[in-house]
Amino acid sequence: MIDIDCLVAFRSGNRILDGVSLTVAEGTVTTLVGPSGGGKSTLLRCLNGLETFTAGSVTIVGHRFTAGPHSPRDLERVRRDVGMVFQQFNLFPHLSVIDNVTVAPRVVLGKPAVDARRKGLELLERVGLGRFAAARPATLSGGQQQRVAIARALAMEPRVMLFDEPTSALDPAMSAEVLDVVGELARGGQTMVIVTHDHGFARRAATQVVELIAGQVCRVGTAAEVLDESDKK
Amino acid sequence: MKPWRWSAPRGARGLASRALVAAVAWLVIALPGPGAELEAVIKRGELVWAADQEGGGPHVFLDPSDPTKLVGFEVELAALLAEELGVRARFQQGQWDRLPLLLDRSADCVINGIETTPERQRDWHCSRPYYAYSLQLVARRDAGPESVEALAAAGPGGRWRVGVLTGSAAENFLRERPGFEVDPIGYDGTVDCLEQLKGGVLDAAVMDDCIAQFNDDRFPGLRGAGRPFAGGTYTILTARETPRLSEAIDAALGRMIADGRLKTLYDRWDLSGRQQMFFLRHAAEIPAAAPQGLVELVSGTLPLLLSSAAMTILLACASFPLAILAGLAVAIGRLHGPLWLRPVLAGYVEILRGTPLLLQLYALFFLLPKVGLAMPALGAAIVGLALNYSAYESEIYRAGLKAVPWAQFEAALALGMTKWQSLRHVVVPQAVRIVMPPVTSDFIALFKDTSVCSAITVVELTKRYSVLALSTGRIAELAVITAVLYMAMSWPLSLLSRWFEQRLENRDKRPGC
């Protein structure tokens, strides 16, 4: 599903990714762990073209990115198939919760408003927020907002979901709400790549754990293999 | 610490303060400002006379062969008059339709083709006539009305568009004939008016016969249409508070008429000296108009002011949406457009922001017709306002677009939206909310800037006010009425925008279960 080959990326002169290679199989959950500044988020953002890279290649859901700027058409095609959830939720504050969820299917896929709304309400029910459809994001708690963000990404029926530290801005109770939803998705066979510091979650949900340190893959394996080693230190 | 004190000896201090009082008193008494009585004028050694050189020849104009020199038959008349009073003449520039206002402080008298009217008789002191004029219709050689009588029926293009000097007898003549199929269009200068006639914007122009004759060889494509008609006399205006100066001017004019100096002057300017003297010796007294009550004033002027307020609203409401659309497009182009376009748009903004609105309107209205792009005044006004304000709006929108967090843009892109879809559905709607207050305040500013359009003959509220204020002499009362009308237009706008802003804010916070 995802094949990363020898990826090298610089940010303002610093080598952030230093020859990262990685494979993600369909229907699996991969968590990226490691210290801050290790390149986890940059790697994730290279997967849907929010960042470009200097060398190597990324093959994702059948599209291949190479070094340098990507063409807008390629980016739009990949992003239809790859959903993303951000640390700061990034909901659209001027739209109601349901409109946040339906705007992309309507605008990008040209879905009729009625269908998009039916599907959107279904997704909001799934993340436990059906009754907040008409609310504005600003009135929701952080955990609720992040669940809306997940519903928003799912509305595009992505083949891969990317999570960039989805619970780092949340307190433990809210984190639990969000991780429940993510766990639910994992059981449903959704292919996911998750950047997280939450080792407990990684142990419960991850098929594969990747530890990135200083832009290099330090360890790859099951949760037990990677995290037992890393927690020992 | 002891506070600092000026500690000069008492005697010196008294001396200094007395010297100061004396100096001030000397300035006040010995150097009276213009608008003073005869004795003060003589003491000053200067008669300050006001005129508008933009009004043009043969009255007062810049010598084409030496543009630093003011010439004209009134320049010579003023010199003669000053000589009679035993002083020098000093010229004071003013806008023609506002010259009488200078009598308060800046000038002793106004000499500039001011027609004797009952209203002027009432509000200022009018001297005995010094010149008799008729009105002349001017048209292009190949088109336009054949004579003034032809104005009673519509022309081939509907109502005749006829240029006049703002506030002149020609304008009053046309306005007082409701049977005429004429839209009088007011200009500040004769040459502008004739240029527009030549360029096809006007069908005809009406002006004093001496002006038409003076400009004849400068505009070979134009012709006098029919014989001179109507007419009246020119008078020298002085303030009501300076009766002795007025008397002295009357007496001086009398002597100049009697001993032939005025006739010689007119003959030198080819102004039919003999015919002039024939009229001037026997000019009939024009009675002063009765003073108007406030109710009469309001009921007489309010309908005109209201219709001009409608023009102000039309100008603002037609131009501002255009300005907003253009401004938004420019802002988006500068932030997200192709690289080659960005400096072009930056130049657009700098040029429009860096030059006066008045100049832009002039360019649209007076210069474009010269390259074959004639635009009606209303069109030029709306386009000019829209262009000018689009520069300001684009800067506001640029700031608004930048104030929307980049993460919003990324979130939209990550959902598969194109750059333009992201802007359209995510970034611009948020930017619009951010810029609502400054944009509203710009709309109110534009409302008032519409008054600049009077320079290109559009009669809106401010122009109507100044014309009415001068024709009625009720400057203060009409100013209050006009200000109230402006407030009545802009205040609801502020309320509306605050309501809109609050509605958007509340909606963003609505729990909505």
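The numbers here are math on the coordinates, done by the rules we state, and not lab data. Small disclaimer: the values here were computed from a predicted structure and weren't measured. Methodologically, a virtual Cβ is constructed for each residue, glycine included, from the backbone with ideal geometry; neighbour enumeration extends over all protein chains shown.
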Percentage relative contact order, chain B, counting C-alpha pairs under 8 Å, at least six apart: 15 percent
Using only the alpha-carbon atoms, how far is helix A:97-109 inclined from the longest principal axis of chain A? Give it as 0 to 90 degrees, nearest 10. 70 degrees
What is the percent of Cα-Cα separations in the range B:132-232 that go past 21 Å? 20 percent
Among B:Thr462, B:Phe320, B:Met207, flag the residue with its Cα farthest along the positive direction of the charge dipole of chain B, charges on Cβ as +1 for Lys/Arg and -1 for Asp/Glu. B:Phe320
With Rh as the Kirkwood radius over Cα pairs, the range A:2-232 has Rg/Rh of 0.96
Can you give the extra length, in nm with one decimal, that the chain gains between B:Ile313 and B:Glu247 once fully stretched, where that is 0.36 nm per residue apart less the Cα-Cα distance? 19.0 nm
Run the numbers on the range A:2-232 and let me know its relative contact order in percent, using alpha-carbon pairs under 8 Å that are six or more apart. 28 percent
Gain in length, B:His336 to B:Leu304, computed as 0.36 nm per residue apart minus the alpha-carbon separation, to one decimal in nm? 6.7 nm
For the range A:1-78, which chymotrypsin sites (Phe, Trp or Tyr not before Pro) are both in a DSSP coil and crowded by at most 15 other Cβ atoms within 10 Å? none
Cα-based Rg/(2.2 N^0.38 Å) for the range B:405-513, rounded to two decimals, is 1.66
Total charge dipole magnitude, chain B, about the Cα centre, Cβ charges on Lys, Arg, Asp, Glu only, Debye to nearest 20: 2140 debye
Considering the dipole of the protein assembly as shown built from charges on the beta carbon (Lys and Arg +1, Asp and Glu -1) around the Cα centre, which of A:Leu129, B:Phe409, B:Ala82 is farthest to its positive end? A:Leu129
Quantify how strongly other chains surround peptide A:44-52 by giving the mean number of their Cβ atoms within 10 Å of each of its Cβ atoms. 1
Potential lengthening between B:Arg240 and B:Arg141 on full extension [0.36 nm per residue; Cα-Cα distance subtracted]: 31.1 nm
With +1 on each Lys and Arg Cβ and -1 on each Asp and Glu Cβ, and nothing else charged, work out how big the dipole of the range A:2-232 is about its Cα centre, in Debye to the nearest 20. 760 debye
Mind checking the dipole of the range B:39-108: about its Cα centre, +1 per Lys or Arg Cβ, -1 per Asp or Glu Cβ, Debye to the nearest 20? 260 debye
Candidate cut points under GluC sites (Glu not before Pro) in the range A:46-155, DSSP loop plus at most 10 other Cβ atoms within 10 Å of their own Cβ, are none
Among B:Ile257, B:Pro178, A:Gly27, whose Cα projects farthest towards the positive end of the dipole of the protein assembly as shown, with charges put on the beta-carbon of Lys, Arg (+1) and Asp, Glu (-1)? A:Gly27
Name the residue, out of A:Met156, A:Met174, A:Met192, whose mean-square fluctuation peaks in a Gaussian network model built on chain A with Cα pairs under 10 Å. A:Met174
Helical segments meeting 15 Å axial Cα length and Kyte-Doolittle 0.5 threshold in chain B (DSSP H): B:10-30, B:73-85, B:294-336, B:341-354, B:377-403, B:428-449
Kirkwood Rh (inverse of mean 1/r, distinct Cα pairs), the range B:294-508, angstrom: 19.3 Å
Distribution of pairwise C-alpha distances over the protein assembly as shown, 10 Å bins, in %: 2, 11, 16, 15, 12, 9, 9, 9, 9, 6, 2, 0, 0
Can you give me the distance in nm between label points at B:Trp499 and A:Ala113, each placed 7 Å from the Cα along the Cα-to-Cβ direction? 2.4 nm
Can you order the peptides B:422-429, B:174-181, B:264-271 by their average number of other Cβ atoms within 10 Å per residue, highest first? B:422-429, B:264-271, B:174-181
Residue-averaged beta-carbon neighbours from other chains (10 angstrom radius) around A:66-78: 1
